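Worksheet: one structure, shown below.
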Amino acid sequence: MNTLHNLAVSSPFHRFSFEGFPLHMKEYGRGKSKIPLVFIGGAFQNINQIEKLSLAFAEKTWVIAVDTPGNGDTGVLPHQYDFNFICKAIRHGLESLGVDRINLLGCSYGSIIAMKYAQLFPNIDRLVVGAAMAHIPDRIEYIFNLLLFQLKWQKMDDFANGFTDLMTNPELRETNKLCRITGEKLRHALLHANNGMKEQFTHNTLRILQYGETDLTKMPDIETTVFTGEHDSFTPVEDNKTVAKAFKRGRFVSIPNADHMFHVEQFRTTVATILEAAIGHTEQESVAA
């Protein structure tokens, strides 16, 4: 773990500005590969919160973790700015680093960004999408609007319970201890969310509702892996399979004994799945625990 700590401390952190909004990137393991794995996490995951994953990936590949405008520690991006704007900001950051070809990983909220980036820019070798979101079902639209109402009127218990039930499968929590603990930690974090996080949630959720649809008939012909937990009740397996089928070279992988929080509940399997998809490595024993 000391080696991983040293790598985390020594990894260069970059701050960029795109049309007045900040963009952050952190590199791990530069020189491990010619092409970096660009990693866009979920809506509540800043670079530090995904660092354990980034360090695990950096055992095998150069990694660039991203805090997009309006996510992580970059502050709030008003929801009137669409996902294409975020994609252009990422492209600007990569160009500033002198990076052209990439492998791209996007999870949950980041899956929307990753797929739209793939439609905008032809510089991706391999695309990996976790918990894919290409269509907003009526059920999810209703839940999102309810959560926004609860947050606006400071009904924090209801908000924390509702969002926890969305991110972790309530049925799986009854039988899976790790899932239950994950849900409890998430609920606690939501109850104690600061005003900045609340504002980010509001604008990012409104952005999904307004711009979150992805036209699957216009996906590029690139090698693509789509995955999620087998018990994901937010972005279910069937929805992820639909996304995978939209790519000529697409495939779907299910993470067993996990839901939407697969990166916590099945860390090693998630890392091995992503590495195999992005660079062809499957040696789980070499993955940092």
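Miscellaneous remarks
- An ellipsoid equivalent to segment 52-196, defined through the eigenvalues of its Cα gyration tensor, has semi-axes of 30, 19, 15 Å when rounded to whole angstrom and sorted largest first.
- Convex hull of Cα atoms in segment 1-67, direction-averaged projection (nm²): 4.7
- Fully extending the segment from LYS155 to GLU19, taken as 0.36 nm per residue of separation minus the present Cα-Cα distance, adds 45.5 nm.
- Relative contact order (percent, whole number), the chain, Cα cutoff 8 Å, 6+ residue spacing: 18
- Accessible carbon and sulfur surface of segment 61-177 relative to its total accessible area, %, 1.4 Å: 49
- Per residue convex hull volume, Cα atoms of segment 1-131, in Å³: 98
- Normalising by residue count, segment 167-223 has a Cα convex hull of 158 Å³ per residue.
- Note that segment 169-289, at 20 °C in a medium of 1.002 mPa s, gets a Stokes-Einstein diffusion coefficient of 131 µm²/s from its Kirkwood radius over C-alpha pairs.
- Cα pair distances exceeding 31 angstrom across the chain, given as percent: 21
- Reachable lysines from LYS26, criterion Cα separation under 23 angstrom, eight or more residues apart if same chain: LYS34, LYS52, LYS60, LYS88, LYS116
- Here is the list for segment 80-156: trypsin sites (Lys or Arg not before Pro) lying in DSSP coil, each with at most 14 other C-beta atoms within 10 angstrom of its C-beta, are ARG101.
- Counting only lysines at least 8 places from LYS185 when in the same chain, those with an alpha carbon closer than 16 Å to its own are LYS177.
- Per residue, the average separation of C-alpha pairs within less than 8 Å and at least 6 apart gives segment 122-193 a relative contact order of 25 percent.
- Computed from the C-beta positions of MET197 and LYS34, the FRET efficiency with R₀ = 35 Å rounds to 0.45.
- Centroid-to-centroid separation of segment 132-198 and segment 1-52 [C-alpha atoms, Å]: 26
The values are calculated or read from the model by the stated rules, or taken from the named source; none is laboratory data. Predicted, not measured: the structure shown is a model, and the values here were computed from it. Don't worry about glycine lacking a Cβ; one is built from the backbone with ideal geometry, like all the others, and counts go over all protein chains shown. Areas reflect the complete protein model, heavy atoms only, side chains present, ligands, DNA and RNA absent. Shrake-Rupley method; radii C 1.70, N 1.55, O 1.52, S 1.80 Å.
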